[in-house]
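Below you'll find the structure, written out as structure tokens, and then a few comments.
Please treat every number below as a calculation from the coordinates, not as lab data. All of these numbers come straight from a predicted model, not from anything done at the bench. All Cβ positions, even for glycine, are placed from backbone atoms using ideal geometry, and neighbour counts span all protein chains on display.
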Amino acid sequence: MVVRILVGLLAFAGCGAELADDGQKQTLTPDAGLTRDAAIDGSPIDARPCPGVKDPGGTCFILVTGPAVAAEAEAGCIARGGHLATIKNAQENATVTALVSTTASAFLGANDLVVEGTFRWPDGAPLTYTNWRSGEPNNGGTGATYQEDCVVIQGLLGGVWDDRPCAPPPAGAGTYAYVCSY
Ligand SMILES: [Ca+2]
Ligand SMILES: [Ca+2]
């Protein structure tokens, strides 16, 4: 009983201190806080979360370290509600480049699996923006015994693109980190 009274007195003392600091506005603080957060966030409370980086244009990009072959990477992106990344402009490429700045190679969604040499995004759209590294895409180069039908963005080289195998062979190629978007 004595303990309860003491706790009650301490709690009351705490309230008294807050009242002394905040005065009459104390009871408005919780609602005011919620309103302020919503205003800063600028989005409805049921907005789709972006557990990665949101481009100024609104696209969410997520880096998954993997490594995975391209088919596993696409499945991983679908599980996250998107697809392997589509990059539509230089702004988006800059956003993704920052995201992968310490990653050597990460799959994007572009591939020429259907028609060799004609790259498409996962939704079938043609590439209207590209940032190929000089000499790419090369499908592995002259004399290659494998195909390069998927595309990586190279963070350590400033965000240039290279076509690479979607899976081994050759050994050691075809498994990379990956970027999803939605
Ligand atoms: Ca190819
Ligand atoms: Ca290549």
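For every other residue with a beta carbon closer than 10 angstrom to the beta carbon of F61, add +1 if it is Lys or Arg and -1 if Asp or Glu, then tell me the sum. Show your work: numbers first, answer last.
Details: positive: K54; negative: D55, E92.
Counting the neighbours of F61, the net charge comes to -1.
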Can you pull the one-decimal nm distance between simple spin-label points at N139 and E72, each 7 Å off the Cα toward Cβ?
-> 2.8
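Which length gain, in nm to one decimal place, applies between V115 and R48 when the Cα-Cα distance is subtracted from 0.36 nm times their residue separation? Before the final figure, lay out each step's value.
Working: separation 67, 0.36 × 67 = 24.12 nm, distance 3.46 nm.
Length gained between V115 and R48: 20.7 nm.
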Just subtract the alpha-carbon distance of T128 and T65 from 0.36 nm times their residue separation and send over the number in nm, one decimal.
-> 20.0 nm
Considering amide H positions built from the backbone, and no H for Pro or chain starts, which residues 5 or more places from S105, or on another chain, come under 5 Å of its amide H?
-> G155, A177
